[in-house]
Amino acid sequence: MASKPIIPKGTRDFSPTEVAKRQYILQMIKSNFEKFGFQPIETPSFENSETLMGKYGEEGDRLIFKILNSGDYLAKANATHLEAKDSTKLTSSISEKALRYDLTVPFARYVVQHQNEIEFPFKRYQIQPVWRADRPQKGRFREFFQCDADVVGSTSLWQEVELIQLYDGVFTALGLNGVTIKINNRKILSGIAEVIGASDKLIDFTVALDKLDKIGEEGVKKEMMEKGILETAIAKVQPLFSFTGTFSDKINQLSGLLADSVEGMKGVEELRFICDKVSALGLATAILDLDVTLARGLNYYTGAIFEVAAPAGVAMGSIGGGGRYDDLTGIFGLKNMSGVGISFGLDRIYLVVEELGLFPTTVTATSQALFINYGENEAFYAMKAIKELRQSGIKVELYPDNAKLAKQFQHADKRSIPFAVMAGDQEMNSNTYTLKNLQTGEQKSLSLEELKKVLS
């Protein structure tokens, strides 16, 4: 007996209902991307290994799925590495391509390769799957979609203002009222480290500070001291441990704290500009908050840093994030190409929308009505109506077999199809159709035009 087929760990099948719900979210994201002037691009599922390797750090490189060369891939393998069973060095000679790890590096490659065709500033969006050879666990998969929007070729802070509005637009459209868009700035983090005389410990300092909500003030201080940050230095940033108030209040506190840091004050002024403009323009349902502990992608981002938290009461990690980077394309030789971008976490957004019951009942992959099959002549009569209804954009179908009525109605029930249309001799003679509501059992005799109105 053949063994039951299974899918690889870290991947998923999606049912028709799940696909319909995912497409609903993606359509909301896509329509807002385009409303804000972002243009779609797509890049190949796999890139040359040299394009990806070395761009994500040692840990990231290990998570890249390598593709074996076609044909006899061992023929060109380095004999020494093969005999030594040195898989790390052997990989480069037997694998020249790899599945993309994210959309950012392929985008950087795209910009450099097509720089003479692109009109800058270039606003691009990309919604495609990526792959990571990660250890699968709840909420972490080896294949998943990324939904990115980036602007390259501009240092203007108006881009940050627009991206905050874009987040607000998407989450408002999905009914996710009350998401918190957290913002920080790399320059502020650098300034704080400078003020306390620990610029060389910037990473250690911010990693510890980022744990404030998990291990508390004393836990953070203890970790900082274990990393070699002096107690006197930590005392200088005591205000950070009780950093509360409005966005403006926090900006003013930072101004006092970072008065002696040129770099830090640059970050303060950038955040002040963004805050003032967003406040004046207003947000529909999102909340903008300055979170000085936010340090995601510290080695990557150079200015603003974003992270989006789900509405209060929903236990979920970030559902979006991004930031400003000053040298996206430098890894491929095109220097000084500043950009800023954000990403939406499709899978987590799905879970939040599902938990809050925000998917409209109309979001379904099923038909609006099933025409019951009474035989060849009746089926032909039904098909003429079906053709016209479909031309009007109504999703309908005919049960293909002249089966028992109970079986046909059961099929509609299992598919969650809300209506059945019956057309036998009586309906054919009167040029009508009997529409049955499968939830209430109510039946009506309707003309084709009346049927269109009810089903549309």
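Helices (runs of 4 or more DSSP H) fully within the stretch 1-116 that include at least 2 residues being open to solvent by 80 Å² or more (accessible area, probe 1.4 Å): 16-35, 57-62, 79-83, 87-94.
Would you confirm, using the coordinates I've provided, whether Val278 is of a type in the set (Val, Ile, Thr) and within 21 Å of Gln165 (Cβ to Cβ)? Before you say what the answer is, go through the steps one by one.
Values: of a type in the set (Val, Ile, Thr): yes; within 21 Å of Gln165 (Cβ to Cβ): yes.
When the stated conditions are applied, Val278 passes them.
Among the residues making up the stretch 117-142, those that are assigned to a strand (DSSP E or B) and under 26 Å from Tyr325 (Cα atoms) are Phe122, Lys123, Arg124, Tyr125, Gln126, Ile127, Gln128, Pro129, Val130, Trp131, Arg140.
Set side by side, the residues Leu166, Leu189, Leu157 differ, and just one is touching a helix residue (DSSP H, G or I) at 6+ places or on another chain (Cβ under 8 Å), in contact (Cβ under 8 Å) with a residue 40 or more places away in the chain and open to solvent by 10 Å² or more (accessible area, probe 1.4 Å), which is Leu157.
Scanning the stretch 343-356 for residues being open to solvent by 50 Å² or more (accessible area, probe 1.4 Å), of a type outside the set (D, E, K, R) and modelled with pLDDT under 95 gives a total of 1.
Listed by first and then second residue, the pairs with beta-carbon distance under 7 Å, at least 6 apart or on different chains, first residue in the stretch 416-429 and more than 15 Å from Val454 (Cβ to Cβ) and open to solvent by 40 Å² or more (accessible area, probe 1.4 Å), second of a type outside the set (Lys, Arg) and in a helix (DSSP H, G or I), are Met428/Glu378; Met428/Tyr381. Considering every residue within the stretch 287-300, establish whether at least one is without any contact (Cβ under 8 Å) to a residue 24 or more places away in the chain, open to solvent by 30 Å² or more (accessible area, probe 1.4 Å) and within 20 Å of the chain's Cα centre (by Cα). For the stretch 287-300, residues without any contact (Cβ under 8 Å) to a residue 24 or more places away in the chain, open to solvent by 30 Å² or more (accessible area, probe 1.4 Å) and within 20 Å of the chain's Cα centre (by Cα): absent. The set of residues in the stretch 64-91 being of a type outside the set (Lys, Arg), more than 15 Å from Leu103 (Cα to Cα) and touching a residue at least 12 places away in the same chain (Cβ under 8 Å) consists of Ile67, Leu68, Asn69, Tyr73, Leu74, Ala77, Asn78, His81, Leu90, Thr91.
Residues of the stretch 301-317 that are open to solvent by 40 Å² or more (accessible area, probe 1.4 Å) and more than 15 Å from Asn185 (Cβ to Cβ): Ala312, Gly313, Ala315, Met316. Within the stretch 319-330, is even one residue more than 24 Å from the chain's Cα centre (by Cα) and either of a type in the set (Val, Ile, Thr) or open to solvent by less than 40 Å² (accessible area, probe 1.4 Å) (or both)? The answer is yes, given that some residue of the stretch 319-330 is more than 24 Å from the chain's Cα centre (by Cα) and either of a type in the set (Val, Ile, Thr) or open to solvent by less than 40 Å² (accessible area, probe 1.4 Å) (or both).
Residues in the stretch 120-154 that are of a type in the set (A, V, I, L, M) and open to solvent by 20 Å² or more (accessible area, probe 1.4 Å): Ile127, Ala133.
Looking at the stretch 68-104, which of its residues are more than 15 Å from Pro129 (Cβ to Cβ) and aliphatic (A, V, I, L, M)?
Keep residues of the stretch 68-104 that are more than 15 Å from Pro129 (Cβ to Cβ), which gives 68-97.
Selection gives Leu68, Leu74, Ala75, Ala77, Ala79, Leu82, Ala84, Leu90, Ile94.
Taken over the stretch 272-286, the criterion of being surrounded by fewer than 17 Cβ atoms within 10 Å (Cβ to Cβ), in contact with a helix residue (DSSP H, G or I) (Cβ under 7 Å, 6 or more places away or on another chain) and among the small types (Gly, Ala, Ser) is satisfied by Ala284 alone.
The values are calculated or read from the model by the stated rules, or taken from the named source; none is laboratory data. Source: prediction; values computed, not measured. A quick note on method: Cβ atoms are made from the backbone with ideal geometry, for glycine too, and the neighbour counts reach across all protein chains shown. The protein model used for the area step is the full one, side chains on, heavy atoms only, and it has no ligands, DNA or RNA in it. Shrake-Rupley method; radii C 1.70, N 1.55, O 1.52, S 1.80 Å.
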